[in-house]
Amino acid sequence: MIDYIKHQLELNQSSEVIKTNLIRAGWKHADIEEAFKQITSPPTIQNPTDDRSTDYKQVGNEPSLNKPKSVNVLSNLFLVLALLNIPGAFTGSAMVLILNHTMKSIPGGLEFSALKAMPFVGLISVPGMIAFPLLLLAALKIRSGSLSAWRLSLFILVMVIVVNIATGFLTRSLVNPIYQATTTF
Amino acid sequence: MSLTQIITFIFWIALFIFLFVSKKNFTLPDTKLSKKTVIFLVLVSIFVLGINISIFGVAYFKAYHPNYEYDKISQQTSYHVYQPSYLPPGIEQASKFYVEKKEFAGNKSSVRSAYDIPISSIAKGLKPIITVITQTQVDSSFDIKNYVLSTYKGDNPPNIQPITLPNFPNRQAYLQTGGFAKTVYVIATDNVFISIASPKETEENLQKIANSLR
């Protein structure tokens, strides 16, 4: 709690707001006042057997332990979703390298010439490239348990879904004519 | 849809619902991300973007600025490698110059290059008009007509008629028609035997290509 108060004071947050937030997070009024006293008064050597000092250690340095479990679960879910997007972030590049390897195995095959037929292959990686870092940001930011972090995470999730769906439709609409053309031979 | 896509889609929905249900729990004050976290996120983003941009950058550049490896192949051969300065409209070089390790005109290897409509046109459904130029050095006594007839194994021999190519005056030059592919044969002054074959290209265009060989 002390670290949290110090951090908030560094961010120029008023004492009243900090106290209100701490009370809302479940801290006792007396503990909060004691913490403020410790921060504002010069450091003193505490008795190691002092019950109050051990209480703080048990409760934690900031109200994160009082965070609802759902906040941490959501953070972990965002993290899993971010990890699931790693393959997508590199699918396009992998496809280009595999196609190039195939072209190179043909005598006289020109490097990356397949890209001239399918220049949109680069699009395949775009959703993953966008989603992976943004979902990671959401996973880390949402841990604060604030409403603004919730809003940011919702915005990122919606954006990732929209970009994925849009790119999927776009790629499909570009691939289908090529597939139909090549199957007519 | 791939398995990863299905799992991701299920996650989207689950996360979306869970996010709305949990909104009431987000009452804590906002805290900034630590410097270490910000640096980590920036590095991850640079890594993901960097790899993709590098691969696609190199790939697109090489796709649109191909290296036909003419110089490399010229250094590998003891004879001059001819390349056409004229290609029919809509035709472009479709392969590198490469050494084919198969018997051709009595030699164990030859230099080949292919020409065709752009690969993007093939993807749009246009039919290929592939032309292959094969060349190797032969003896001064090499006879094109005898060679062509000796390589033919069918009942009906191909139609071979002599032609005149202004680019190769007083040199043997023939046009073969009637088979699977039309072919122009010519022996250059430095005894490089060149064959220009295509199943679809016109005889006129094959002769124009032959005349443009430098």
Notebook entry, point to check: Scanning the stretch A:66-93 for residues that are hydroxyl-bearing (Ser, Thr, Tyr) and closer than 30 Å to A:Asn21 by Cα, which turns out modelled with the highest pLDDT?
Noted result: A:Ser75
Next item on the list: Considering only the stretch A:69-99, state which residues are more than 7 Å from chain B (Cβ to nearest Cβ), small (Gly, Ala, Ser) and either under 17 Å from the mean Cα position of the chain (by Cα) or closer than 17 Å to A:Met159 by Cα (or both).
Entry: A:Ser75, A:Ala82, A:Gly88
Check: Which of the residues that make up the stretch A:104-130 are touching a Gly at 6+ places or on another chain (Cβ under 7 Å) and either within 15 Å of B:Tyr64 (Cα to Cα) or not in a helix (DSSP H, G or I) (or both)?
Finding: A:Val121, A:Gly122
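Residue by residue, here is whether (1) over 23 Å from the mean Cα position of the chain (by Cα); (2) closer than 20 Å to B:Ser74 by Cβ holds:
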| residue | (1), (2) |
| --- | --- |
| B:Gly106 | yes, no |
| B:Ser109 | no, yes |
| B:Leu126 | no, no |
| B:Ile133 | no, yes |
| B:Gln161 | yes, no |
Note to self: I'd like the full set of residues that are in contact with a Ser or Thr (Cβ under 6 Å, 6 or more places away or on another chain) and farther than 25 Å from A:Pro107 by Cβ, limited to the stretch B:127-184.
What the structure shows: B:Asn159
Notebook entry, point to check: When the stretch B:130-155 is examined, which residues are found to be among the hydrophobic types (A, V, I, L, M, F, W, C) and out of contact with any helix residue (DSSP H, G or I) (no Cβ under 9 Å at 6 or more places or on another chain)?
Noted result: B:Ile130, B:Val132, B:Phe142, B:Ile144, B:Val148, B:Leu149
Note to self: Among the residues of the stretch B:126-170, what is the count of those that are touching a Phe, Trp or Tyr at 6+ places or on another chain (Cβ under 9 Å) and within 14 Å of another protein chain (Cβ to nearest Cβ)?
What the structure shows: 9
Note to self: Exactly one condition in (1) loosely packed, with under 14 Cβ neighbours inside 10 Å; (2) β-branched (Val, Ile, Thr); (3) more than 30 Å from B:Thr27 (Cα to Cα) is false for A:Thr171; which is it?
What the structure shows: (1)
Item checked: Only listed residue being facing chain A (nearest Cβ under 8 Å), of a type in the set (Ser, Thr, Tyr) and closer than 30 Å to A:Met95 by Cα, chosen from B:Tyr70, B:Tyr60 -> B:Tyr60
Notebook entry, point to check: Hey, does the stretch A:91-102 have a residue that's touching a residue at least 40 places away in the same chain (Cβ under 8 Å) and either over 13 Å from B:Ala59 (Cβ atoms) or in a helix (DSSP H, G or I) (or both)?
Noted result: no
Notebook entry, point to check: Looking at the stretch B:1-82, what helices (runs of 4 or more DSSP H) fall wholly within it and have at least 3 residues that are of a type in the set (A, V, I, L, M, F, W, C) and at pLDDT 90 or above?
Noted result: B:3-21, B:35-64
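Yes or no: A:Pro63 modelled with pLDDT under 75 and more than 10 Å from chain B (Cβ to nearest Cβ)?
It is false that A:Pro63 is modelled with pLDDT under 75 and more than 10 Å from chain B (Cβ to nearest Cβ).
The values are calculated or read from the model by the stated rules, or taken from the named source; none is laboratory data. Predicted, not measured: the structure shown is a model, and the values here were computed from it. Positions of Cβ are generated from backbone atoms using ideal geometry, with glycine treated the same way; all protein chains shown enter the neighbour counts.
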